[in-house]
Number of protein chains: 2
Amino acid sequence: MPGNAPVIELYDTTLRDGTQAEGFVLTPEDKLKVARQLDRLGVDYIEGGWPGSNPRDQEFFERAGELQLENAVLVAFGSTHHAKRTPDNDPNLAALLAAPAPVCALVGKSWSKHVTAQLGIELERNLEIIAASVAYMKEAGRRVFFDAEHFFDGLARDEDYALAVLKAAAEAGAEALVLCDTNGGSLPSWISQGVGKVAAALPGITLGIHCHNDGDLATANTLAAVEAGARQVQGTTGGMGERCGNADLCAIAPTLQLKMGYTCLSEDQLRRLTDTARFIREQANQPPTSFSPYVGTSAFSHKGGLHISAVEKDPALYEHVSPELVGNNRRYLLSDLAGRAALLKKLADWGFDMAPDDHRIKQMLDELKERENEGYAYEAAEASLELLVNRRLGGRPSHFFDLMGFRVADYKESEAKPPSSEATVRVKVEGVEEHTAAMGDGPVNALDRAIRKALSRFYPALSAMTLVDYKVRVLAGSAGTEARVRVLVESSDGESRWGTVGVSFDVLEASWQALGDSIRYKLFKTLQGG
Amino acid sequence: MPGNAPVIELYDTTLRDGTQAEGFVLTPEDKLKVARQLDRLGVDYIEGGWPGSNPRDQEFFERAGELQLENAVLVAFGSTHHAKRTPDNDPNLAALLAAPAPVCALVGKSWSKHVTAQLGIELERNLEIIAASVAYMKEAGRRVFFDAEHFFDGLARDEDYALAVLKAAAEAGAEALVLCDTNGGSLPSWISQGVGKVAAALPGITLGIHCHNDGDLATANTLAAVEAGARQVQGTTGGMGERCGNADLCAIAPTLQLKMGYTCLSEDQLRRLTDTARFIREQANQPPTSFSPYVGTSAFSHKGGLHISAVEKDPALYEHVSPELVGNNRRYLLSDLAGRAALLKKLADWGFDMAPDDHRIKQMLDELKERENEGYAYEAAEASLELLVNRRLGGRPSHFFDLMGFRVADYKESEAKPPSSEATVRVKVEGVEEHTAAMGDGPVNALDRAIRKALSRFYPALSAMTLVDYKVRVLAGSAGTEARVRVLVESSDGESRWGTVGVSFDVLEASWQALGDSIRYKLFKTLQGG
């Protein structure tokens, strides 16, 4: 099939339309991290945001030069110029030009009623605005994709006008026309007919499809559009988006590729799908979705003994595709055997040369399963996992010190004054006990400072290490303030970054664990290098 | 349209297939409550469970006589008789007969490979078993629906056999043939063709469709089946189910009725959809889904100032259907992308009758913008916003007490021992200072307990209030353990839920703010009611 399979371009708008989802918030730093992962996944276009519309997107584009994308092209999104301005004095278009993005996505109205009722301008004027905006950006050296907002609603109510809008954009130099189901309520047959009409009216230009999920049909609508001739698929990696979300590339790409004979990613890239989806949610401090097709934690889970033995005999009897193809795992909810292959892979990576039937593998899997039940998550904390494995399988020294105890006091004297935090810690290194104290900005920071102060006397290498991210998540299943929490810490020494984890009902104890692992990992790696 | 609209029967399997979802657990008592709500909603059939397969389903059917259903018919689910038994000595069929359900759903294999590889019997024997089981239940006075498991996979691989299975069930007296996409991976065109083939091969019998969502296509597949002639739609109310879930009746019924010209519920019943979906999740102790089509809390939410003022003018420009039709609400989200229109709408909802050009609106917007820059997020903390607005615009009393100060101590004595947490707080109520202390499971919990202890003496109403969710988010932009954190708290008094927020570099101070607001809001609402 590869070679002959028609190619579909993936256009990811997680960083722009995705952040319209209620509760899905990414900082500029998060957005840069997500962009790097989307690039690694292999999407063709990354829509980074709307420069000039808000400070977050502004900062993202200011720093986008850091990205050095290998697979994807960066896109800046914006609207056509304001009706009372011309392209060359429109602040929106100026912000687009200032962004270091080779492609700009220009959105314009294609439903006549929106033009008259919302913009309050003549229909003809809207066509002029679109043509002038597209031409201006083209002349400035940008590739232009035209997003036809509310296209399918417009087509159903005023077909001639909706097509005239597309024609204006195409004639002004737009390279792709993106047909948007902005309100998300279309049925697959409507989309199919609509795309067919455009393909007949404007042959030769690339058509894109941008669906929302208000009728739970965004995936089906996108697939219908591709069958009708669309070659660019827009969506978010995980389906986040305004209201009920955008089309989910994680549901669409595997179906296009594994069932419909199209190509959008290499086989290796497709295997990164699950990790990428989870990474993005992690950045927004949200747990992985359970029930998402292909990439959810429950997507390939099996219940019941008979069922499981049948799956073991022939998974194809019970699974629509093999989970490995999208980088997910089969899970057995009663007797969890998952993760074995992944663990063997990791052990090899870390230099442990073990037979697959070594009894310690089973012990290790049992321990990991138990710890994951307690709330430890090693996906974002591989350094903690490597330390644990090293400890159990008798590798190189990795413990270095004992964290003996701490005491943290946090006091607020009045409503007006900020609180003060003080931590004392006791650690033991090579038989020597160190007992020290530090103040901090908040109790976690006080604890962090005290631990480093106590250890830096013994390990000067720690001065090169900084903490770059700190995340707290309340674990589900337990309600309220007595719930268990998981702390994820990310550290850096300028050359590499590593993640560690701690879990406790006490946020300070969880931090203590994660900070301890973080420091141990630095020492472990430093000794390996030396 | 009504009168001529073809009728589609809704068959709800929330109580059977829905409970296969990971983490979705219903007690027999819960199941009875859910059945009553489904009956009120107006579904045609309620599949109550698999009697004899587990104690919960057993107890549900023992007590099902209490139900007195008005709209729906109760269905008991079970498999055809065991290959080594006859119908009259099969415990599974005996359990079905013992259940007070007029209809039984009998499931049998229709994919030949499953018959030989999993059951390990001859293909012909499977046909005998199906025919004998259906006939036996019919003779015992039951209506029988035959569930053809793995039908679409079987049809694709061994068409003759899959159709022979259906024929055996139909000839033995099955009233409906339910075509199942058990592995959930079919595409709409496959479903469409499959249903068409069955309708041609077995004209006159009712066809049902039972889809799973492994390809994110359960809704589209179900709609495709209806268009191809299926008249019974199976699914769960909310889409819960094994792996990625079952077809979601909440997404399907409104589309069938509002967009495709079929009838399944009365207009009044359709308006109960949102409440029913939320009730069911509430029974399983799960929050309402945010992003579910039609019934999610975000399904009709709008962000952005321009957008909101346009929605106010003509909602049809921005909504695929009117939320009232399915009993949902339009919501305006306040966010850093939004503005004046959203705030004005909120103020009106809260009873502040202000002119749009009142200078206090501008002040309020400036303050909100500044607070959002600091990290406060009011989307999930409307109670904090209502308190703030009320304070600034001089509404009813809402302050009630001063939080004067706290001191929290958290100490860990050794690696082996869990830490201990103690909090002391000082609060002032009507000039009286209360100074008290509490231990807790972690420092946040200790603080929470101490605050409640100090205030409950003055406000006994607080005993009815519980904390149902606690979330911590480290705000990016500031790295490491000295970063600012946002705490979101969700509280409940059994009748309603409300969210509050606190922000600080100190997780305890942020919690202190959010807990204080949470308690104030409860008192504020209690006084309004009284």
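Could you work out the pair-distance distribution P(r) of the stretch B:371-515 from its alpha-carbon pairs, with 10 angstrom bin width and percents rounded to whole numbers?
The calculated distribution, bin by bin, is 11, 35, 39, 13, 2, 0.
Taking the Cα centre of each part, how many Å lie between the stretch B:416-433 and the stretch B:446-516?
14 Å
Find, to one decimal place in angstroms, the Kirkwood hydrodynamic radius of chain B, where the mean of 1/r is taken over every pair of different Cα atoms and then inverted.
26.5 Å
Probe 1.4 Å, all protein chains in place: accessible area of A:K167 in Å², nearest 10?
110 Å²
In whole percent, what relative contact order does chain A give with Cα contacts below 8 Å and a gap of six or more residues?
9 percent
How compact and how long is the stretch A:9-265, expressed as Rg and Dmax of its alpha-carbon atoms in Å?
Radius of gyration, then largest Cα-Cα span, for the stretch A:9-265: 16.9, 49 Å.
Could you list which residues have their amide H under 5 Å from that of B:D441, counting only those 5 or more apart in sequence or on another chain, with H placed in the peptide plane?
B:A446
Could you point to the residue in A:P418, A:V321, A:G245 farthest towards the positive end of chain A's charge dipole, with +1 and -1 charges on the Cβ of Lys/Arg and Asp/Glu respectively?
The listed residue farthest towards the positive side: A:P418.
For all pairs of alpha-carbon atoms in the protein assembly as shown, what percent lies in each bin of width 20 Å, listed from the first bin to the last filled one?
12, 40, 37, 11, 0
Let me have the 222 nm mean residue ellipticity of chain A computed from DSSP H runs of 4+ only, each contributing -39500 (n - 2.57), with the sum over all residues rounded to the nearest 500.
-11500 deg cm²/dmol
Residue farthest toward the positive end of the dipole of chain A, with Cβ of Lys/Arg at +1 and Asp/Glu at -1: which of A:L41, A:V389, A:F146?
A:V389
Looking at this model, which pairs from A:K197/B:K259; A:K412/B:K345; B:K31/B:K471; A:K417/B:K303 are more than 28 angstrom apart at the alpha-carbon?
Distance filter (> 28 Å) returns A:K412/B:K345; B:K31/B:K471; A:K417/B:K303.
Taking Cα pairs under 8 Å and at least six residues apart, what relative contact order does the stretch A:401-458 come out at, in percent?
RCO, the stretch A:401-458: 31 percent.
Counting only protein chains, not ligands or nucleic acids, how are A:K197, A:K522 ordered by accessible area (probe 1.4 Å), most first?
A:K197, A:K522
Place the label 7 angstrom along Cα→C-beta at A:E124 and in each other copy, then list the distances from the first to the rest in nm, shortest first.
For A:E124, the inter-copy label distances come out at 8.1 nm.
Give me P(r) over the stretch B:261-404, computed from all C-alpha to C-alpha distances, binned every 10 Å, as integer percentages.
Answer for the stretch B:261-404: a P(r) of 10, 32, 32, 20, 5, 1, 0 percent.
Rounded to the nearest 10 Å², what accessible area does A:R63 show when all protein chains are kept and the probe is 1.4 Å?
60 Å²
Report the accessible area of A:L119, computed with a 1.4 Å probe over the heavy atoms of all protein chains in place, in Å² rounded to the nearest 10.
Approximately 80 Å² for this residue.
When the Cα centres of the stretch B:2-53 and the stretch A:43-104 are compared, how far apart do they sit, in Å?
49 Å
Restricting things to alpha carbons, tell me how big the stretch B:256-318 is in terms of Rg and Dmax, in Å.
Spelled out, the Cα radius of gyration and Dmax of the stretch B:256-318 are 14.6, 39 Å.
Sorted from shortest, what are the nm distances separating the label point of B:H82 from equivalent points in the other copies, each placed 7 Å from Cα along Cα to C-beta?
Sorted ascending, the copy-to-copy spacings read 7.8 nm.
In debye to the nearest 20, how big a dipole does the protein assembly as shown give about its Cα centre with +1 on each Lys and Arg Cβ and -1 on each Asp and Glu Cβ?
Charge dipole, the protein assembly as shown, about its Cα centre: 1280 debye, nearest 20.
At 1.4 Å probe size, put B:E70, B:E433 in order of accessible surface, largest to smallest.
From most exposed to least exposed: B:E70, B:E433.
Taking each residue of A:109-119 in turn, how many C-beta atoms of other protein chains fall within 10 Å of its C-beta, and what is the average?
Mean partner-chain Cβ count within 10 Å for A:109-119: 2.
Along Cα-to-Cβ, 7 Å out, sits the label point; list in nm, shortest first, how far the one on A:G65 is from those in the other copies.
8.1
Cα atoms only, the stretch A:1-153: Rg and Dmax in Å?
16.4, 52
Using alpha-carbon pairs under 8 Å, 6+ residues apart, how would you state the relative contact order of the stretch B:26-94 in percent?
Relative CO of the stretch B:26-94 lands at 33 percent.
What is the magnitude of the charge dipole of chain A about its Cα centre, with +1 placed on the Cβ of each Lys and Arg, -1 on the Cβ of each Asp and Glu, and no other charges, expressed in debye to the nearest 20?
880 debye
Largest first and in whole Å, what are the equivalent-ellipsoid semi-axes of the stretch A:401-458 based on the Cα gyration tensor, each being the root of 5 times an eigenvalue?
26, 9, 7
If amide H atoms are built 1.01 Å from N in the plane of the peptide, which residues on other chains or at least 5 residues away come under 5 Å of the amide H of B:R331?
Under 5 Å from the amide H of B:R331: B:F300, B:S301, B:H302.
Give me the one-decimal nm value for the distance between modelled label points at A:S463 and A:R396, 7 Å along each residue's Cα-to-Cβ direction.
That separation, rounded to one decimal, is 2.3 nm.
Per-residue HN-Hα couplings for the stretch B:351-357, Karplus 6.51 cos²θ - 1.76 cosθ + 1.60 at θ = phi - 60°, whole Hz, x for Gly and Pro?
3J(HN,Hα) across the stretch B:351-357, in whole Hz: x, 8, 9, 10, 5, x, 9.
Calculate the dipole size of the stretch A:198-270 relative to its Cα centre from +1 charges on Lys and Arg beta carbons and -1 charges on Asp and Glu beta carbons; express the result in debye to the nearest 20.
My answer is approximately 180 debye.
Can you compute 3J(HN,Hα) from phi for each residue in the stretch A:5-13, using the Karplus curve 6.51 cos²θ - 1.76 cosθ + 1.60 with θ = phi - 60°, rounded to whole Hz and x for Gly and Pro?
5, x, 8, 10, 7, 9, 10, 9, 10
Using θ = phi - 60° and the Karplus form 6.51 cos²θ - 1.76 cosθ + 1.60, what ³J(HN,Hα) does each residue of the stretch B:94-103 get, whole Hz, x for Gly and Pro?
5, 5, 5, 5, 6, 7, x, 10, x, 10
To the nearest hundred square angstrom, how large is the accessible surface buried between A and B, total for both chains, probe 1.4 angstrom?
8400 Å²
The values are calculated or read from the model by the stated rules, or taken from the named source; none is laboratory data. Model, not experiment: these values are computed from the prediction. Methodologically, a virtual Cβ is constructed for each residue, glycine included, from the backbone with ideal geometry; neighbour enumeration extends over all protein chains shown. For accessibility, only protein heavy atoms count, side chains too; no ligands or nucleic acids. Shrake-Rupley method; radii C 1.70, N 1.55, O 1.52, S 1.80 Å.
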